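The values are calculated or read from the model by the stated rules, or taken from the named source; none is laboratory data. Since the structure is predicted, the reported quantities are computational estimates derived from the model, not experimental observations. Note that each Cβ is placed from the backbone with ideal geometry, even for glycine, and that neighbours are counted across all protein chains shown.
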Amino acid sequence: MSNPRQRKQRLQGGAFGRGAARPGAKPRGLPDPEPESLVNNENGSISRFAGQQMGVAGGQSLTYEDPNIDRRAPTEYELIEDKGTYVISEKPSGPAIIELYPDFLSEDEALGIFNSLCSALPWSQKINKKDDFTFMEPRLTVWYGDIRYKYSGVTQEATKSWHPVLEDLRERITKKTGLKFNSMLGNLYRDGHDSVAWHSDNEYSLGTNPTIASLSFGETRAFQLRKNPENFEDTYEFTDKKQINLTNGCLLLMKGAVQEDWQHRVPKEYHDRRMRINLTFRTIYSE
Ligand SMILES: O=C(O)CCC(=O)C(=O)O
């Protein structure tokens, strides 16, 4: 992860837990507090006042607020369910747009495609590398592309011929959206333990503000989005969040600043889940 913005966001996302203290942070809307008071306890130990009420002359009551505790409620996921176009943010990089077509394919047709893609595509579990760690990806993947593609130090050679089912789906998405795609990254989630972690599809080869068309087959899985914090002191705990339950046969488009201003993931589930296939059609540019 070479980009300083991504490094900053990763630190913000992972370092602080729910309501956790952020060293040096001032709670919003509160004046700078007085220095902490030390108190002699009956047992001879010394402790500090924090969040206690102290009676003062004249019956007035003062409350000490620990400046290191963030008291804002964490944001919750807002569900997007219906067919439509949603502008999920307007800044800092312009409109971030989601389009959802839950009935792009009928249930029956989507299940037929799911069955054929399960066995016909050369799925494999890849080794990925992040911050000097190598790990087995918790899902199977497959890639098709009209041109060579370099990603995470791995070069994918151009695909000589696409599987006819993929070729047909690519054409149908183009017919629906007017957009052309020259590559496809597929994900196969074997069960509820398979997942993809928070990330943005913002590799150099995708260009700026890429449109990504994502088709789902088989089991429904939650697809979650969280907005990148706009200030260095803020954390993902308090930014906008959306959830779309991606069902068999649905088409999702991510457009505009979605990759620049948001991250997305498919989290692990703690209930049994059957298999799911996701195909993400993209346009890549040669280096
Ligand atoms: O499975 C999904 O719906 C999302 C996949 C994804 O995030 C990706 O391929 O970048």
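Restricting to region 171-181, name every residue that is surrounded by fewer than 17 Cβ atoms within 10 Å (Cβ to Cβ) and either among the hydrophobic types (A, V, I, L, M, F, W, C) or within 16 Å of the ligand (Cβ to nearest atom) (or both).
179
Test each condition in (1) touching a His at 6+ places or on another chain (Cβ under 8 Å); (2) within 26 Å of residue 258 (Cα to Cα) for residue 121 and report the one that comes out false.
Checking residue 121 against (1) touching a His at 6+ places or on another chain (Cβ under 8 Å); (2) within 26 Å of residue 258 (Cα to Cα), the one that fails is (2).
Given the condition away from the ligand (no atom under 15 Å from the Cβ), among the acidic types (Asp, Glu), modelled with pLDDT of 95 or more and loosely packed, with under 14 Cβ neighbours inside 10 Å, answer yes or no: does some residue in region 130-137 qualify?
no
Matching residues to (1) under 19 Å from residue 187 (Cα atoms); (2) touching a helix residue (DSSP H, G or I) at 6+ places or on another chain (Cβ under 8 Å); (3) not polar (S, T, N, Q):
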{"site": "233", "(1), (2), (3)": "no, no, yes"}
{"site": "248", "(1), (2), (3)": "yes, yes, no"}
{"site": "265", "(1), (2), (3)": "yes, no, yes"}
{"site": "275", "(1), (2), (3)": "yes, yes, yes"}
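Any chance region 215-226 includes a residue that's within 15 Å of the chain's Cα centre (by Cα) and within 16 Å of residue 282 (Cα to Cα)?
Checked region 215-226: no residue is within 15 Å of the chain's Cα centre (by Cα) and within 16 Å of residue 282 (Cα to Cα).
Filter region 189-200 down to the residues that are part of a loop (DSSP other than H, G, I, E, B) and either surrounded by 15 or more Cβ atoms within 10 Å (Cβ to Cβ) or among the small types (Gly, Ala, Ser) (or both) and list them by number.
Answer for region 189-200, where residues must be part of a loop (DSSP other than H, G, I, E, B) and either surrounded by 15 or more Cβ atoms within 10 Å (Cβ to Cβ) or among the small types (Gly, Ala, Ser) (or both): 190, 192, 194, 195, 200.
So which residues in region 201-219 are modelled with pLDDT of 95 or more, within 13 Å of the ligand (Cβ to nearest atom) and in a loop (DSSP other than H, G, I, E, B)?
If the condition is that a residue be modelled with pLDDT of 95 or more, within 13 Å of the ligand (Cβ to nearest atom) and in a loop (DSSP other than H, G, I, E, B), then 210, 219 are the ones that fit.
If I ask for residues that are of a type outside the set (D, E, K, R) and over 30 Å from residue 157 (Cβ atoms), which ones from region 247-287 would you list?
247, 248, 249, 250, 256, 257, 262, 267, 270, 271
In this structure, does residue 186 turn out to be within 15 Å of the ligand (Cβ to nearest atom) and assigned to a strand (DSSP E or B)?
yes
Mind checking which residues of region 138-157 are surrounded by 13 or more Cβ atoms within 10 Å (Cβ to Cβ) and more than 15 Å from the ligand (Cβ to nearest atom)?
146, 147, 148, 150
Just give me the residues in region 226-260 being part of a helix (DSSP H, G or I) and either within 16 Å of the ligand (Cβ to nearest atom) or among the aliphatic types (A, V, I, L, M) (or both), in sequence order.
Of everything in region 226-260, those that are part of a helix (DSSP H, G or I) and either within 16 Å of the ligand (Cβ to nearest atom) or among the aliphatic types (A, V, I, L, M) (or both) turn out to be 258, 259, 260.
Taking region 265-277, which residues are in contact with a Lys or Arg (Cβ under 8 Å, 6 or more places away or on another chain) and either surrounded by 18 or more Cβ atoms within 10 Å (Cβ to Cβ) or not assigned by TED's automatic domain parsing to the domain that holds residue 190 (or both)?
If the condition is that a residue be in contact with a Lys or Arg (Cβ under 8 Å, 6 or more places away or on another chain) and either surrounded by 18 or more Cβ atoms within 10 Å (Cβ to Cβ) or not assigned by TED's automatic domain parsing to the domain that holds residue 190 (or both), then 266, 273, 276 are the ones that fit.
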